[in-house]
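Here is the structure we will look at.
The values are calculated or read from the model by the stated rules, or taken from the named source; none is laboratory data. Values in this document were obtained by computation on a predicted structure and should not be read as measured data. FYI the Cβ positions are ideal-geometry reconstructions off the backbone, even for glycines, and counts take in every protein chain you see. Note: accessible area is taken over every heavy atom of the protein model, side chains too, but ligands, DNA and RNA are not part of it. Shrake-Rupley method; radii C 1.70, N 1.55, O 1.52, S 1.80 Å.
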Amino acid sequence: MGNKSISQLFDKANLLVEKKEYEKAEKMFNKAIDKRPTDYRGYEGMGNLFYAQGNSKAAASYLRKALMYESSSHAINYRLAKILYAMNEYEESQEYFEKAIQLNKEDPKSHSGLGNIFVKIGKLGKAIKQFSVALKLDPKDSTVHFEYGCALYNMEKYEECLKAFKHTVVLKPDNDLAWYQLGKGNEKLNRIDEAIKNFTKACELNPEFGLAFRDCGILQYKLQQLDESLNSLQRASELLDSDSLTFLNLGFVQCENEKPNEAYKYFTKSKELYLKNNKIPQEIEKNNETKLEKKKEKKTESETKSETGSEKENKNEKEKEKEQQNETKSGSESPSESETGSENEKQNEKENEKEKETKSESESGSENKNEKEKKKEKENENESENEKEKEKESEQEPKSGKEKENKIKDNEKVNKMTQKQIENRIIYYESVYGQGMSLFLLRQFEKSKIHFLQIIKMDLPSIRKIKKLVKDSALFIKKIEYREKFQKELLIAQNNGPEFKKIDWGELPIQLNQSDCLKISKLIKENGYLTTIKLYGNHRIESDSLSKIIESINHSNTIEKIKISGLTPEMSRIIGELINNENKKNKIKSMGLSFTEIGSKRIEYICEALHSNKSVMKLQLQLFNCGIGSAKIINEMLKNNKSISEFKLSNSKINCKVLKTFIDGLSQNNTIRILDLSNNQIEAAGCKAIAKVLTKNQTIVSLNLSNNPIAEKGFENICKAIKKNHSLENLELNGHVFGKLQAKMMSSVLEHNLYLIQVHFQVDTDTQRHTTMVKIKEKLERNRQLALPIKRDFINLLNNGHISDFKIHGIPLHKLMLQCRMPENISWNNILSILNQYSKSQVADFLFWVYGDFMKASNNVPQIAEKLGVKNLNDFSLLNSLKNLYNDQDSKDFEISCGNNIIKAHRMVLVARSGFFRKLILDSNDQLSYFKDKSGKSPQALNTLIQYMYTDKINSEMNETVLLELEDAVEYYQLNRRSSLKELFSFED
């Protein structure tokens, strides 16, 4: 037969294949092969025919024969590689793809095919190179763009993979898989809104795409879009009726919707579905069940004895049979990260790879391999025998040893698990956790505790998600135990009133129901010893229940502290009435209030009540998100309130604009001693506003700005303000790492500032080793020794030469000061002659002790003091010396006329302690010795104030009227102080 007739025969056969007349085509190809057995076209045609019929093995066999006669055919190499790829014969497929590329480097399909091979064998870098080449040759191939994106996604190059998927949807907008993968990429980059849009688009294109509905619902739940999430997940449950992850998230959504009954059903179904398809968690479930059974058996010893060894063996055999049955079942569905969009294919591919390895080994049949296999089998047999011997030995050992071995075996199982298996197992743990949580919401605490204990007692792999589950489970158990403890405390309180002085529900968000609140209210009314009520963990306490508690507090005359969280505007109104009630027996001194809702009305009632309140000294507000409206209300409260000494406004998302809104109130307020603005959003501009407060307000003792983004510029603003401030003792600026420049700035501030005792700010490692930090510590230690305002005030006299009597080495000396600190038998001339024997630095050290009791590490002070007759420095302390000076009426050189009374004092003491008298005396041309008081204060109040200037204490009892007069007198005469008057004046017998 000639060439033309053979060619015509091949053409007719190929047409019959296209028409799907396979029997006729096969006869023609066989006829052609018989006529010309060396013509590759016959084998190629047969290969195409069998491939069209779905017989890949036969097709591959014929195509291999075709290549024996025509190895340079690009088409045959490409077709054979493609068939082998579908058969999961990746190594051989790779060879033929590479040959196809050698024959035609410009074919994009060959490059993309080789790229898919590299994806399957885990060589993602090589796969990306092949996809890149294919896209250069054919940039409009949407399939290659998609495959390229999947490879990048698996390499965790999410930004790049998004570009590839975007090209895919541009070229093929109806590709639902591409939209889905686009959503997965955005999800990895935490672009939740974009990911939801992508999943929604995939669902629109394919209403049967269950994975898209599920993942969309999960993200909607993260954004608390509960209605949308519920709809998406319910649709996913219809399409994926055996997917445990879908039902798990439905359970969490229904928990948020406060439908714990439905949530429990979903969690239970999720757990059941998972146990059908997975082996290891089922073993854990059995282990946990046996642990619980053992606990019950300990209580009933008769039941433990009834169990025989044969029964245990039967149970073990049944368990093994069940495990073998579970191994044959398929795994659960999970999100797509490959071409088809599901992980089931990946599992199948792995199984096919294993089958391929076993087939290739059996076909090769080499003697070396058989010998190796025999050796391995012997080794495995030896290992199994050793394990059996160990098990027998362990049975003879005590139970503690068995438990240790079980833990080691479980850990070995965990180590053998893949990351995918671990991630899938999390579904099981979350289902158990969800069951416990829904039972907790149903207030079935004992059953709930069993589920949480299951989580804690499981031998779990160390993964962040699982650690969080264990931590949360432990937290729920604490809540349950705390509730049990609280019930016991209520019973104890009823029987032992004087010993029960505090109700503290803890920092746990436990819901108080109406019954609990009634019990608390009854306790407050009946117990006359309660001082503290703390309900700051209850985010869902009802207004009616709270009003009953507040009503009982209102009639109590012992409660001084309350702390409540989760407040709504209605609850705020109730507490406002408590504060504003002038006829109430009780006077609340400390309040801690946390609000959940946004808006100014939540604090309006409370702040208005605080305008005229005179009892609340400590106020802590947590506003969740403080806005301009709330800030204006706080500003007015700060301007009008005259009692609050400690004000905390942390964790309220205060920014610079909000801070500036109530900065005037802080500047004008003269009672706040402790100010806490930590954990907000205050930047450098906000620090500038606070700096203005520190220059105007000289009453703030402690300032906390930790965990605010103040940066270096904000630090600089605070430092500038401290130079002009004489009251701040404690400054906290943690949460930002500063450098050498800021450390030097702080050191410079402390050079002249004698008031700062504690400064907390973080520096980098280089700055920590720098000498500047040592200097800062030394200066802070100096200030700690000068902690009392009286010490600082007299130290400042060393810089004031206007009323000094003499100078030595240029340092001004006050005769009265040195004489009151020295023994009576030493004269002024002797003091000067002895001091002249020492250097300026030695005299300066000694004078710091004289004026402020400040002791340096050097030995200068004891040495000079001993020459002056002071053998024991403690006998001549500053406070004792000034107390003696106060009692010395003859040496007093200044008179104050108050009504019909004359009050005497020392000019030196008045200049040191009072800003008013300092200006009055130093500005006068003559040596002023008389002053007529025009403040309108009573002689008792003014005399008490002068006494405080000498001693820092008051030895006489005062009523509240005199105390209020003193409050005004301190401000009028500009005295430095450490705390509010109620804390400042200590009453002694």
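Both the radius of gyration and Dmax for the range 231-270 are 9.1, 26 Å, in that order, over alpha-carbon atoms.
The Cα-based radius of gyration and maximum Cα-Cα distance (Dmax) for the range 860-953 are 15.9, 49 Å. Local charge for S804 was computed over the other residues whose Cβ lies under 13 Å away, with Lys and Arg +1 and Asp and Glu -1, and equals +2. Sum up the charges of everything whose Cβ sits under 14 Å from the Cβ of F931, counting Lys and Arg as +1 and Asp and Glu as -1, but leave F931 out. Here the count lands on +3.
Taken over the Cα atoms of the range 830-874, the convex hull encloses 70 Å³ per residue. Local charge for K632 was computed over the other residues whose Cβ lies under 14 Å away, with Lys and Arg +1 and Asp and Glu -1, and equals +1.
Which whole-number percent gives the relative contact order of the range 649-693, counting Cα pairs below 8 Å spaced six or more residues apart? RCO, the range 649-693: 61 percent. For the range 71-155, trypsin sites (Lys or Arg not before Pro) meeting the loop criterion (DSSP other than H, G, I, E, B) and having at most 12 other Cβ atoms within 10 Å: K105, K140.
Can you give the convex hull volume per residue for the Cα atoms of the range 100-227, as a whole number of Å³? Write out the running numbers ahead of the final one.
On the way: hull volume 12.8 nm³, N = 128.
Normalising the Cα hull of the range 100-227 by residue number yields 100 Å³.
Tell me, what is the percent relative contact order of the range 874-975, built from C-alpha pairs under 8 Å that lie six or more residues apart?
This gives 30 percent for the range 874-975.
Per atom type, the range 764-823 shows carbon and sulfur on 48% of its accessible surface, probed at 1.4 Å.
Relative contact order for the range 679-783: 26 percent, from Cα pairs under 8 Å spaced at least 6 residues apart, divided by residue count.
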